[in-house]
Amino acid sequence: MNIQHKALVIGASGGIGEAILGELVKAQKHSEVHGISRSLPTNLIEEVNYHGIAEHNETSISACCHKLAQLGGLFSTVVCCIGTLHDKTVSGVNIQPEKRLEDLHAEQLHHYFHVNTIIPALWLKALEPLVKGQHQAKVIFLTARVGSISDNRLGGWYGYRASKAALNMLIKSAQIELQRRAKNVTLVSYHPGTVDTSLSKPFQSNVKAEKLFSAHFTAQQLLSQLDDLHAQDGPYYLDWQGKTIPW
């Protein structure tokens, strides 16, 4: 078996993050598997190297990547699972997808953009030294189909849609730059479908049973697509079936 460079999952304590870690270990294709999260996952995997991060801010992200770099070796697979759809802010504001323009307010929009756009962007900025090299590296960010501007036919969900669309633009712009300075790196915006995790719980009643995926299935689908992706053709905006989503 061809053992690749190391693998990294950011947001390792979430349902999808845990499942991806499990599949990476099971596949035995990477020399090491690492997971980063603010709190340890419920079910620790013995073969995973876990790293805690106090907060996903610029200082902590930079320090975390510096620590990983000091360990030596490069990463050929990185998956960022950071994202939010419904939440509660520090000040107690309930975050829920907006249905009408009247539902828009600054604190909610700020929260969506902070978690769904700014934090992944800071990771994207800091990851380059860990993936730049002679061998192919794939950096995947979990986005959403609703982040597609041209595919938007239903409206609503203003903050979530806009923050995911903004993340897609950052990824698209970064790939252009990396094709000059880190030509081995492929960037991917990935829509996993509706996954049976805490993020989708309030909305699962509207989802057909066959369209509600387990985290295990989601992890398998994502990782099965990576070998067919190449930096010169990036960035990719794909769904769980491997089909291209219009930006």
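The values are calculated or read from the model by the stated rules, or taken from the named source; none is laboratory data. All values derive from a computational prediction rather than experimental measurement. Virtual Cβ from ideal backbone geometry, glycine too; neighbours counted across all protein chains shown.
Tabulated results
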| quantity | calculated |
| --- | --- |
| Single condition residue 7 does not satisfy, out of (1) under 17 Å from the mean Cα position of the chain (by Cα); (2) surrounded by fewer than 19 Cβ atoms within 10 Å (Cβ to Cβ) | (2) |
| Test for residue 164: is it within 23 Å of residue 15 (Cα to Cα) and either outside any strand (DSSP E or B) or touching a residue at least 12 places away in the same chain (Cβ under 8 Å) (or both) | yes |
| Hits in the stretch 13-69 - residues which are among the aliphatic types (A, V, I, L, M), farther than 18 Å from residue 226 by Cβ and either in contact (Cβ under 8 Å) with a residue 40 or more places away in the chain or part of a loop (DSSP other than H, G, I, E, B) (or both) | 40, 44, 45, 53, 54, 61, 68, 69 |
| Inter-residue pairs, beta-carbon under 6 Å, first on the phi < 0 side of the Ramachandran plot and in the stretch 76-95, second crowded, with 22+ Cβ neighbours inside 10 Å and basic (Lys, Arg), 6+ apart | 77/138 |
| Residue that is modelled with pLDDT of 95 or more and on the phi < 0 side of the Ramachandran plot, where the choices are 215, 209, 166 | 166 |
| Residue 73 vs. criteria exposed (fewer than 14 other Cβ atoms within 10 Å of the Cβ) and without any contact (Cβ under 8 Å) to a residue 24 or more places away in the chain | no |
| Count of the stretch 142-156 residues which are surrounded by 18 or more Cβ atoms within 10 Å (Cβ to Cβ), touching a Lys or Arg at 6+ places or on another chain (Cβ under 8 Å) and not β-branched (Val, Ile, Thr) | 2 |
| Enumeration of residues in the stretch 129-147 that are under 15 Å from residue 191 (Cα atoms) and assigned to a strand (DSSP E or B) | 139, 140, 141, 142 |
| Hey, residue 45 within 26 Å of residue 194 (Cβ to Cβ), in contact with a Leu (Cβ under 9 Å, 6 or more places away or on another chain) and surrounded by fewer than 18 Cβ atoms within 10 Å (Cβ to Cβ) or not | yes |
| Matching residues, the stretch 118-141, being surrounded by 22 or more Cβ atoms within 10 Å (Cβ to Cβ) and polar (S, T, N, Q) | none |
| Tally, over the stretch 85-109, of residues that are within 30 Å of residue 34 (Cα to Cα) and either touching a Leu at 6+ places or on another chain (Cβ under 6 Å) or modelled with pLDDT of 95 or more (or both) | 1 |
| Scan of the stretch 127-151 for residues that are over 15 Å from the mean Cα position of the chain (by Cα), farther than 18 Å from residue 238 by Cβ and not β-branched (Val, Ile, Thr), ordered by number | 128, 129, 130, 132, 133, 134, 135 |
| Set 126, 121, 174: member being over 24 Å from residue 225 (Cβ atoms), aliphatic (A, V, I, L, M) and either touching a residue at least 24 places away in the same chain (Cβ under 8 Å) or assigned to a helix (DSSP H, G or I) (or both) | 126 |
